[in-house]
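Q: Please read through the structure below; I'll follow up with questions.
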Amino acid sequence: MKQIIIKSFSYIILALMAYACNFSDGISISENPYKDDYSDITPLSNRDLWGAANVHDPAIIKSGEYYYVYSTDAYYHKRGVEFNDIGKNIGNIPIRKSKDLVNWEFIGWALDTIPAAAVEHIHNLTGGNGADNMWAPFVYKYENTYRLYYSVSSFGANTSVIGLATALSPEGPWTDLGIVIKTSPEDPMNAIDASVITDKKNGRMWMHYGSYFDGLYCVELDPKTGFTKKEGDLGHLVATRGEYKTRIIEAPEITYNAELDQYYLFVSYEPLFTYYNIRVGRSDSPEGPFYDYFGNNMADTTNNFPILTHSYRFRNHPGWSGNGHNAILNDNGRFFVLHQGRLAPENLMMIMHVREIKWLPDGWPVFSPQRYAGEFPDISIRSKDLVGKWEIIHLNDLPDQVELWQGQIPPGGWTYKDEAFNTSEIVQFGRNGAINHRLASQWSFDGDVLYLDDSFCAIFYGWDWENQKPALLFSGILPDGSGIWGKKIDD
């Protein structure tokens, strides 16, 4: 009898092991693809080792088998270590390429210098200040030509320029064509952070742009030239926010979902150094009006929802802040979001986060709680697979640590403490559908959508960067428009 029991128990163990292996089948990754702390490779001589490091304000395009990312002139300088240790002439707008959205090769810079017309406009209005670097590129392909929009500005002012350069290859060489839009202190808006889209119905082309000052604007472009259709036109307001005179809204990114026949306008709120977070509205038309989760017009002076990212910290990690200014990639109907993330505790190192996007039954997007680490097998998930312990983060607004200056944290205003993050909680998903969590009491799963009470959540299967293993994940929107992320942490 004892032998029978032991033998039966062995069969059960083997069956459980085989079942567990199904979730790891076909996964080639066994550890994180790279370290988040890149302080040991900060000098310029190590640029071929940076990968996703030193990426701020990414823009992305796919060409052939490669994905190309362009970003702001921003680099982490480690104290006491010379950054340009090889005396190389550093260009403007770094370019990286990848075949898998994980491993990135640094291939150089788009432009050798900041265009003279942009520098002249800014220096004439600031007494020679500003125009020290280039910000927030945006790239797209028109017919056989790649168009790269760039921003040049004076920090803390709306003395700014959006310019255009073109090339026949995403790797260049790039030729500057001049200024598309320029703003001065007399203008209500700020000419930085461009994003361009074409109306799928009529072919009209629109540029969304703006940061802080007054809000975000939309102006029509001439598709053939890439410049404004009407010379001097600055467009119309499409998004602002509550307390817009003292708080940040910026970084518009417009995309189209053909399956839903909707245009989605992603925007970033709060200081780029700390509570930077991404929100979204949608419209039937690329020029708006755009409406948020509660049906509010984004051009009205109210804060919009849902919240898709925020400052957060899972266990076994120091935490991420600055999770904003995103790009959207539509890869043949599969969507990804790219944004900067700033590594705690100092929030000076910048890593590009790539996350998969899924769309809830009500048509709203959510981002994976974990960064993309490569292709995982397409597995069938059952309700019983969700039973167990989860680590859950509530993505919600956090109180300011200090008084803001033009929506930004002043020097010395950041303190590393629990209150600076949306931190995780351990939650049990019971077999009876119960949850021991303050935000929901019941869960259910229909094979596609996870329901937390009446809230929709998308299920992902991906890589747990904090624990270095595959994991079930979910991402959803709560009734108040805040976000919720979860990852299963038991086996």
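Q: Consider Ser28 carefully, then state whether it is out of contact with any Phe, Trp or Tyr (no Cβ under 7 Å at 6 or more places or on another chain), of a type outside the set (A, V, I, L, M) and not in a loop (DSSP other than H, G, I, E, B).
A: no
Q: I'd like to verify a number: residues in the range 48-60 that are within 15 Å of Lys88 (Cβ to Cβ) and either in contact with a Gly (Cβ under 9 Å, 6 or more places away or on another chain) or surrounded by fewer than 22 Cβ atoms within 10 Å (Cβ to Cβ) (or both), how many?
A: 1
Q: Given Val354, Val366, which one is surrounded by 21 or more Cβ atoms within 10 Å (Cβ to Cβ), in contact (Cβ under 8 Å) with a residue 12 or more places away in the chain, part of a strand (DSSP E or B) and in contact with a Gly (Cβ under 9 Å, 6 or more places away or on another chain)?
A: Val366
Q: Please state which one of Pro43, Pro33 is within 23 Å of Lys88 (Cβ to Cβ) and either in contact (Cβ under 8 Å) with a residue 24 or more places away in the chain or in contact with a Pro (Cβ under 9 Å, 6 or more places away or on another chain) (or both).
A: Of Pro43, Pro33, the one residue that is within 23 Å of Lys88 (Cβ to Cβ) and either in contact (Cβ under 8 Å) with a residue 24 or more places away in the chain or in contact with a Pro (Cβ under 9 Å, 6 or more places away or on another chain) (or both) is Pro43.
Q: Now, a different point. Would it be correct to say that Pro361 is surrounded by fewer than 16 Cβ atoms within 10 Å (Cβ to Cβ) and outside the structural domain of Phe273 (by TED's automatic domain parsing)?
A: no
Q: Tally the residues that are under 23 Å from Pro271 (Cβ atoms) and basic (Lys, Arg), restricting the search to the range 143-160.
A: Summing the residues that are under 23 Å from Pro271 (Cβ atoms) and basic (Lys, Arg) in the range 143-160 gives 0.
Q: Determine, yes or no, whether Pro470 is under 25 Å from the mean Cα position of the chain (by Cα), under 30 Å from Pro345 (Cβ atoms) and part of a loop (DSSP other than H, G, I, E, B).
A: No; evaluated as a whole, the condition is false for this residue.
Residues checked against (1) surrounded by fewer than 16 Cβ atoms within 10 Å (Cβ to Cβ); (2) touching a helix residue (DSSP H, G or I) at 6+ places or on another chain (Cβ under 8 Å); (3) of a type in the set (Phe, Trp, Tyr); (4) farther than 17 Å from Ser311 by Cβ:
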residue: Gln406; (1), (2), (3), (4): yes, no, no, yes
residue: Pro410; (1), (2), (3), (4): yes, no, no, yes
residue: Trp414; (1), (2), (3), (4): no, yes, yes, no
residue: Phe421; (1), (2), (3), (4): no, no, yes, no
residue: Gln428; (1), (2), (3), (4): yes, no, no, yes
residue: Leu450; (1), (2), (3), (4): no, yes, no, yes
residue: Cys457; (1), (2), (3), (4): no, no, no, yes
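Q: How many residues are in contact (Cβ under 8 Å) with a residue 40 or more places away in the chain, over 22 Å from Glu287 (Cα atoms) and not hydrophobic (A, V, I, L, M, F, W, C) if we restrict to the range 170-210?
A: 7
Q: Among the residues in the range 22-37, are any surrounded by fewer than 13 Cβ atoms within 10 Å (Cβ to Cβ), over 17 Å from Val354 (Cβ atoms) and at pLDDT 95 or above?
A: Checked the range 22-37: at least one residue is surrounded by fewer than 13 Cβ atoms within 10 Å (Cβ to Cβ), over 17 Å from Val354 (Cβ atoms) and at pLDDT 95 or above.
The values are calculated or read from the model by the stated rules, or taken from the named source; none is laboratory data. Quick caveat: nothing in here was measured; it's all calculated off a predicted structure. Neighbour counts run over all protein chains shown; Cβ positions are idealised from the backbone, glycine included.
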